[in-house]
Every structure is written in C-alpha cells, then in structure tokens.
Amino acid sequence: MPAYDRFAGLSDTTFQQLREQTGIPLELLRGDSLRRIAESEAAIWNSEVERAMVASGMTENEMLQAQADLGSQMTPLIEQVLLALYHGQQEHTWNQGFVEHVESALEHAGLHRRLDRPPAVCFLDITGYTRLTEERGDAAAELAARLARLVRRSAQEHGGTPVRWLATG
C-alpha cells in the first residue's frame, strides 16, 4: 500500500476507507490540489531556476549544487507562503459560511430577502452639455429631458430606480 494511502501514522484508516465512509472523492482526500501546487512549483523551479543557472554558464553539477542550496534556503519561505495562502482561503471560506448562515437566519425571520441577481449601477453623461446649451439652448434641455425619460423607463422595466441627477457646469 502506498505511503500516501494512510494518514502518515496518525490512523490505520486508508483514504479508500475514508472515502467509503464519507463519500468524499479520493482526489480530494489525497490532497489533489496540493499535488497540483507541488507540480506547478516544480515546473516553475525548473524553468526559472535550473534552466537560468545552466543558461548562465553553470555546468550541470554546479547547477545541481546551487539549486540545492537555494532550495534549502527557500523551503521555509515557501512553507510560510503556502500556510498564509491556506489561512487566507480558510478565513474566506469560514466568513462566507458565516454570512450565509446569518442571511438564512434573517431570511427565516422575515428581515431579509436574498437578491435573485446582483444590483447594477449605471452612470450616464452628456459630454459637452454646457457647450451644447450655449449653442442650442432649449434643444439641449429637451435632449436632457428625453434622456431622463429613457433612463426612468428603462430602470422601471428592469426593477430599478434612478437615484441621482447631477447638472454640473
């Protein structure tokens, strides 16, 4: 049985047994995402470190020694970065779950209704309106009024509301 098939001496339960008990897919239990991170890290290390060392004129043996030394120095930093990334994702996931529970409780109490779709915001501008009013007078004001009617009608058709009208000079 492969070493990764057990919890590194913590349990006699295999990943297969745990999958059967929980229904969690094996690739998740075996840390498939971590495997992908390690594979990506190895590919980047090869392309950005090892190849760069050889391209700089190092022999294969010099490169192997130099990259081993560099790897020893970077390993603790990489572990800190991975742990920090994990904690960030963990915090996000827990917060998201907390917000969903609060929303559900508020909805159950009749104090909140979840949005079917996210709100949208739109900004419109009649560029050069001041110049247009100087040149066309009432025609410019009528253009602005027609635009306002169009905005109100479109907003109403989509369940929205115009919030603010600005006139700057």
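The values are calculated or read from the model by the stated rules, or taken from the named source; none is laboratory data. If you're wondering where the values come from, they're calculated on a predicted model, not measured in any experiment. Note: ideal-geometry Cβ built from the backbone for every residue, glycine included; neighbour counts use all protein chains shown.
Each row is one residue, and each column tells you yes or no for (1) modelled with pLDDT of 90 or more; (2) surrounded by 11 or more Cβ atoms within 10 Å (Cβ to Cβ).
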| site | (1), (2) |
| --- | --- |
| Ala68 | yes, no |
| Leu85 | no, yes |
| Gly97 | yes, no |
| Ala109 | yes, no |
| Pro118 | no, no |
| Tyr129 | no, yes |
| Arg153 | yes, no |
| Arg164 | no, no |
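Which of the residues that make up the stretch 81-105 are small (Gly, Ala, Ser) and under 21 Å from Ile37 (Cβ atoms)?
Ala84, Gly88
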Worksheet item: Can you tell which of Glu135, Glu103, Glu79, Glu142 is in contact with a Lys or Arg (Cβ under 7 Å, 6 or more places away or on another chain) and either free of Cβ contacts under 8 Å to residues at least 24 places away in the same chain or in a helix (DSSP H, G or I) (or both)?
Response: Glu103
Worksheet entry | Close pairs (8 angstrom Cβ cut-off, 6 or more residues apart or separate chains): on the phi < 0 side of the Ramachandran plot and touching a residue at least 24 places away in the same chain (Cβ under 8 Å) in the stretch 22-41, part of a helix (DSSP H, G or I) and of a type outside the set (Lys, Arg) anywhere | Arg30/Tyr4; Arg30/Phe15; Ile37/Leu82; Glu41/Ile78
